[in-house]
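The values are calculated or read from the model by the stated rules, or taken from the named source; none is laboratory data. All values derive from a computational prediction rather than experimental measurement. So basically every Cβ, Gly included, is an ideal-geometry build from the backbone, and we count neighbours across all protein chains shown.
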Amino acid sequence: MADIIHTSEEQYKLDVIIKILKKEIKPGMGAKLLGILTRQIRRLKNNVRKDGISAVVHKLKGKRSNHSIDLSIKERVLTILNKTYSDFKPTFTTEKLEENHAIRISYGTTRLWMIEKGLWKPHKQKKTGEYRSWRPRKEYFGEMEQFDGSYHYWFENRYCDKERCAIEVCLLASIDDATGRITKAEFSDNEGVIAVFNFWKGYVLNIEKPLNIYLDKFSTYKINHKSAVDNHELITQFQRAMLDLGINLISAHSS
């Protein structure tokens with residue numbers, strides 16, 4: 001089993017299943033943390049008992065998907081699109097490919113390939129009458145941590161540097177969404193990358209890796225430039241680190 005390479009997602013799934021087998025957490029909580037059904041948890045437990053760590057590796061890992069389309073067909077379609085249908089919409093293009101070239105693919109595939117080649121730009125969805133409602137709390141501890149930094153004169157005149165007293169410092173704090181309990185809090189000079197990295201390093205080492213972190217759109221956590229909307233490769237160092245750890249970040253749209 002030593003040659004099996006686990007992604008962070010697979011490793012996290014394995015950690016959760018092992019905790020269930022050791023009776024450290026209940027199957028229902030494990031299902032919630034992994035976002036799957038309880039019956040799938042039972043199947044994973046049996047598979048881990050039987051096959052060990054390989055049970056969490058996807059069976060098609062390293063193999064070509066059974067539903068993938070032959071690359072030669074894609075190349076042929078892209079050639080036809082460039083020559084004949086570069087100004088057509090995906091639906092009409094799909095119909096013409098089948099009608100004139102005997103190529104039968106789904107509308108979704110045509111649309112995806114046209115977007116990749118820059119022949120089609122997806123339209124933004126119009127916002128309808130949205131309303132905000134109170135979000136119910138999560139069910140289990142560690143399912144989601146609310147996190148923020150708060151600048152304030154926390155120490156009044158008791159904290160001074162070489163030049164002045166009454167210095168504004170930042171309180172970094174996380175609150176468990178399910179229990180409302182403050183799980184970690186510490187003071188820092190700012191809410192920058194190093195301070196936030198140190199905070200979550202301590203959290204993961206001393207408490208445990210949370211499933212989600214709910215935070216604002218401060219520049220440490222999210223690139224807010226309009227160019228980042230369509231280019232998902234533009235992410236912050238913090239986003240990249242959380243992605244590697246398998247921790248999902250949720251950006252708040254309101255204060």
Of the residues that sit in segment 91-106 and are within 34 Å of the chain's Cα centre (by Cα) and surrounded by 12 or more Cβ atoms within 10 Å (Cβ to Cβ), which one is modelled with the lowest pLDDT? Ile105
Looking only at segment 182-212, and only at residues there that are free of Cβ contacts under 8 Å to residues at least 60 places away in the same chain and of a type in the set (D, E, K, R), the one that is farthest from Gln11 (Cα to Cα): Asp189
Just a yes or no: is a residue in segment 35-49 at pLDDT below 85, outside the structural domain of Asp244 (by TED's automatic domain parsing), hydrophobic (A, V, I, L, M, F, W, C) and part of a helix (DSSP H, G or I)? no
For segment 123-182, enumerate the residues that are surrounded by fewer than 10 Cβ atoms within 10 Å (Cβ to Cβ), among the aromatic types (Phe, Trp, Tyr) and modelled with pLDDT of 65 or more. Trp134
